[in-house]
Amino acid sequence: MTGVRRSGLPTSAVRELEETARRTRVRHLGLALCAVALLAAALTFSTRLGARPTSYFATGGGGVIVLDLSTSVEPAKYRRIQRVLRSLAQTSTRVGLVVFSDVAYEMLTPGTRGDELRPMLPFFEPPPAAPVVRRSRGGSRRGSQALPTFGRASPWTGAFRGGTRISVGLGEARRVIERDRIAPSVLLISDLDDSALDTELLTQELIRYEADEIDLRVVPLFAFSEDRDLFEQLVGEEAFVQNRELLGNTAVEERQTLVGSFPAALVVAAAALLALLALNERLCGRISWRRA
């Protein structure tokens, strides 16, 4: 079987052209290696973009939401819950959802698309005239005698909504993470008005979080200063989602785009690859000629 022969021009100046041919081969090989390296770099940068729908989860790949549905979450706080859930619903973030009051319930399994949260949004629509519930100096609540309810009747209205035990919500999220072996990242949405009887259990649960290296972020629902101060002592101020970050994440709804840094490294690698291909065509193109 004969090999494929390339057409060429007969010449008697083979020796004179040997050095040029050698330089051309080296140039071809060098440009090819550079092109492969730049392509590999571009692929690597594309997998490490870290572009994520929101910054709530440190891993950028989602996690477990732990949502406080206790009676202390009054109508004035619904809007913030709705904003957080909507920003996650507008994106492709994969999440799990645990809701709690004095008991906890896994509502959505981990890996659920964020848009599955959308049907929950109407339940967090603040009523037109929400009763204002305040705490007196003695620690008791005053205002409307009726228990606050969400904007619409929901599966958790009434029987499920009781006192606040944050430890049970965080504990359920931890067990879900261990069971499904997912990214150890939890987003707690709560007014932090925890029961005094739950403080010891909450402390033990947070110690387990630290031991298991579970990242915990907290969206405070207009928490009272004493409740927030206590929680800051347990998890640190850096765990709290600040207002600036909250507004940046909820801006996803307005921009309909991702919140993330500009992929400068990827753009530079892609531009360099294109420039290299252009240089290859310029320096290593086939010989052409025309009639005089």
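The values are calculated or read from the model by the stated rules, or taken from the named source; none is laboratory data. All figures in this text were calculated on a predicted structure; none of them were measured in a lab. A quick note on method: Cβ atoms are made from the backbone with ideal geometry, for glycine too, and the neighbour counts reach across all protein chains shown.
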Revision key, fill the gap. If you go through Val219, Val176, the only one that is out of contact with any helix residue (DSSP H, G or I) (no Cβ under 9 Å at 6 or more places or on another chain), assigned by TED's automatic domain parsing to the domain that holds Leu246 and closer than 25 Å to Glu245 by Cβ is Val176
Exercise for review: Test each condition in (1) surrounded by fewer than 13 Cβ atoms within 10 Å (Cβ to Cβ); (2) farther than 21 Å from Phe57 by Cα; (3) modelled with pLDDT of 90 or more for Arg286 and report the one that comes out false.
Suggested key: (3)
Point to revise | Filter result for the condition that a residue is modelled with pLDDT of 85 or more, out of contact with any strand residue (DSSP E or B) (no Cβ under 7 Å at 6 or more places or on another chain) and either in the same structural domain as Arg94 (by TED's automatic domain parsing) or farther than 18 Å from Glu74 by Cα (or both), over Thr164, Thr157, Thr199 | key: Thr199
Review point. Conditions: (1) modelled with pLDDT under 90; (2) more than 18 Å from the chain's Cα centre (by Cα); (3) of a type in the set (Val, Ile, Thr). Val241 meets all but one. Number of the miss?
Key: (2)
